[in-house]
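Notes follow once the structure below has been shown.
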Amino acid sequence: MINNANYISSHENNIKIVASLILDAVDNGGTVFTCGNGGSAATAAHFTCELMVKMEKIRRPIASVCLNADVITMTAIGNDFGFDKVFSRQIEGLMCNKDLLICFSTSGESKNIIEALELAKASAFYTILFTGNRDSIADITIRVESTNVQFIQEAHDVLMHKIVEQIEERIN
């Protein structure tokens with residue numbers, strides 16, 4: 001189990017930046033897209049839910065779509081193009097220049113996440129990656145200094161909630 005207070009303070013700047021980027025994107029008519037695999041898929045879906053519905057404060061919904069939530073589209077893409085394309089194919093069809101891509105990957109080595117980040121960056125979309133002890137090509141990489149999957153996932157959940165908390169403090 002992580003020490004939330006110490007961990008949040010070490011990521012405080014990134015929490016504020018990501019909250020601001022999300023608000024800027026939606027204020028400009030953009031959408032927040034999220035994705036991940038396995039436990040990270042659950043975090044991506046949870047994040048999208050918190051943005052669209054609410055965490056604590058009743059407020060306007062934040063336009064967001066979880067790319068791993070549509071199992072029909074994912075399996076069709078996986079079948080026709082390969083699993084490495086399950087997110088990038090959706091990005092190609094859905095994202096526009098006002099949008100933001102947030103990926104979750106404990107290892108930072110998932111080919112479909114890397115391909116999604118590469119396509120988004122090549123298309124000039126802003127990118128964020130929550131990962132373990134890895135560097136990435138994302139515009140912002142939120143690294144959890146660990147190789148312990150459980151610890152990384154717990155930290156991602158804590159950080160995701162703090163970002164939503166920041167957003168809810170700033171909007172109606």
query = Can you tell me which residue in segment 55-80 is nearest to residue 126 (Cα to Cα), limited to those that are touching a residue at least 12 places away in the same chain (Cβ under 8 Å) and exposed (fewer than 13 other Cβ atoms within 10 Å of the Cβ)?
reply = 60
query = Scanning for something β-branched (Val, Ile, Thr) and modelled with pLDDT under 95, does segment 91-105 turn up at least one residue?
reply = no
ask   = Quick one: in segment 131-152, which of the residues that are in contact (Cβ under 8 Å) with a residue 60 or more places away in the chain and within 15 Å of residue 39 (Cα to Cα) is surrounded by the fewest Cβ atoms within 10 Å (Cβ to Cβ)?
value = 149
task = Kindly list the number of the only condition in (1) modelled with pLDDT under 95; (2) farther than 30 Å from residue 146 by Cα that fails for residue 121.
result = (2)
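Name every residue in segment 1-32 that is hydroxyl-bearing (Ser, Thr, Tyr) and at pLDDT below 95, in order of residue number. Can you show your working first?
Our first condition is that a residue be hydroxyl-bearing (Ser, Thr, Tyr); within segment 1-32, this holds for 7, 9-10, 20, 31.
Result: 7, 9, 10.
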task = Among residues belonging to segment 10-25 that are assigned to a helix (DSSP H, G or I) and touching a strand residue (DSSP E or B) at 6+ places or on another chain (Cβ under 7 Å), point out the one that is surrounded by the fewest Cβ atoms within 10 Å (Cβ to Cβ).
result = 17
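Do we have residue 130 as touching an Asp or Glu at 6+ places or on another chain (Cβ under 7 Å) and closer than 21 Å to residue 16 by Cα here?
Working: touching an Asp or Glu at 6+ places or on another chain (Cβ under 7 Å): no; closer than 21 Å to residue 16 by Cα: yes.
Here the answer is no, as residue 130 does not meet what is asked.
Buried (at least 18 other Cβ atoms within 10 Å of the Cβ), part of a helix (DSSP H, G or I) and in contact (Cβ under 8 Å) with a residue 60 or more places away in the chain: is that true of residue 113 in this structure?
Numbers: buried (at least 18 other Cβ atoms within 10 Å of the Cβ): yes; part of a helix (DSSP H, G or I): yes; in contact (Cβ under 8 Å) with a residue 60 or more places away in the chain: yes.
Yes, satisfied.
For segment 81-110, which positions are assigned to a helix (DSSP H, G or I), surrounded by fewer than 15 Cβ atoms within 10 Å (Cβ to Cβ) and free of Cβ contacts under 8 Å to residues at least 60 places away in the same chain?
Listed by number, the residues that qualify are 81, 92, 93.
Filter segment 44-54 for residues that are surrounded by fewer than 21 Cβ atoms within 10 Å (Cβ to Cβ) and of a type in the set (A, V, I, L, M, F, W, C); which is farthest from the chain's Cα centre (by Cα)?
Among residues in segment 44-54 that are surrounded by fewer than 21 Cβ atoms within 10 Å (Cβ to Cβ) and of a type in the set (A, V, I, L, M, F, W, C), the one farthest from the chain's Cα centre (by Cα) is 53.
The values are calculated or read from the model by the stated rules, or taken from the named source; none is laboratory data. Quick caveat: nothing in here was measured; it's all calculated off a predicted structure. Neighbour counts run over all protein chains shown; Cβ positions are idealised from the backbone, glycine included.
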